[in-house]
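The values are calculated or read from the model by the stated rules, or taken from the named source; none is laboratory data. None of the values given here were measured: they were computed from a predicted structure. All Cβ positions, even for glycine, are placed from backbone atoms using ideal geometry, and neighbour counts span all protein chains on display. Side chains included, ligands, DNA and RNA excluded: accessible areas come from the protein's heavy atoms. Shrake-Rupley method; radii C 1.70, N 1.55, O 1.52, S 1.80 Å.
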Amino acid sequence: MKRILISIVIIAAIIAAGCFAIAGIEAENTKIYGKIEKVLSSSTEEEAEEAVSDLEEAFREYSKRLSCVVDEDILEEMEGAVYMLRPMLESNSDEFTAQCELLRSYAKRILDREIPTLGRIL
C-alpha cells in the first residue's frame, strides 16, 4: 500500500512540475509577444531601435529562464532571429516584419513542443 501511495505522489509531482513549466512558458511567451508587438508598432526609427533593444534584453531573460526546460536548439534558432533584427532595421529590409513573425512562430513552437500529447507519452 505504501508503494502505491509513493508512486501516486511521484506521478502527481511530475504532473505538477509539467503544469508549472507550461504555465511559465506561456507567461514568458506573453512577454516576448508584447515586445514583438512593440517593435512592429514603432512609428519612428528611434522607437524601433529602442524596441529592438528591449526585445533583445527580454530574449536574454527568456532564454535564461527557459533553458532548463526547453530544447537548446530552438532557443539558438530564435536567438539568431532576434539578433538579425537590428541589421535588418538599419538596412530597411523588407523582411523585417517577416522576421518578427518568425520569432512569434518560434515562441509558439516552444510552447507547442512542451504540451504533452499522447504521441509524445507513448
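Within the stretch 61-71, count every residue that is open to solvent by less than 80 Å² (accessible area, probe 1.4 Å) and at pLDDT 90 or above.
So the count comes out to 3.
Condition check: of a type in the set (Asp, Glu), without any contact (Cβ under 8 Å) to a residue 40 or more places away in the chain and within 15 Å of residue 60 (Cα to Cα). Does residue 79 satisfy that?
Considered against the rule, which asks whether it is of a type in the set (Asp, Glu), without any contact (Cβ under 8 Å) to a residue 40 or more places away in the chain and within 15 Å of residue 60 (Cα to Cα), residue 79 comes out as yes.
Does the stretch 92-122 hold any residues that are open to solvent by 80 Å² or more (accessible area, probe 1.4 Å), under 19 Å from residue 23 (Cβ atoms) and in a helix (DSSP H, G or I), and which are they?
108, 109, 113, 120
State whether the residues of the stretch 10-19 include one that is in contact (Cβ under 8 Å) with a residue 60 or more places away in the chain, closer than 19 Å to residue 109 by Cα and not β-branched (Val, Ile, Thr).
yes
Testing residue 82 on (1) assigned to a helix (DSSP H, G or I); (2) crowded, with 17+ Cβ neighbours inside 10 Å; (3) touching a Lys or Arg at 6+ places or on another chain (Cβ under 8 Å), one condition comes back false. Which one is that?
So the condition that residue 82 fails would be (3).
Looking at the stretch 49-63, can you tell me whether even one residue there is charged (D, E, K, R), closer than 25 Å to residue 86 by Cα and within 11 Å of the chain's Cα centre (by Cα)?
There is at least one residue in the stretch 49-63 that is charged (D, E, K, R), closer than 25 Å to residue 86 by Cα and within 11 Å of the chain's Cα centre (by Cα).
If you scan the stretch 6-51, which residues turn out to be aromatic (Phe, Trp, Tyr) and open to solvent by less than 80 Å² (accessible area, probe 1.4 Å)?
Residue satisfying the conditions is 33 alone.
Using the structure shown, decide if residue 89 is touching a helix residue (DSSP H, G or I) at 6+ places or on another chain (Cβ under 9 Å), under 21 Å from residue 115 (Cα atoms) and either assigned to a helix (DSSP H, G or I) or in contact (Cβ under 8 Å) with a residue 40 or more places away in the chain (or both).
no
Quick one: which of 74, 14 is at pLDDT below 90, assigned to a helix (DSSP H, G or I), under 11 Å from the mean Cα position of the chain (by Cα) and not basic (Lys, Arg)?
74
Which pairs do you get when a residue that is without any contact (Cβ under 8 Å) to a residue 60 or more places away in the chain and over 10 Å from residue 81 (Cα atoms), found in the stretch 98-111, comes within reach of a residue that is of a type in the set (Val, Ile, Thr) and part of a helix (DSSP H, G or I), reach meaning Cβ atoms under 6 angstrom, with the pair 6+ apart or on two chains?
none
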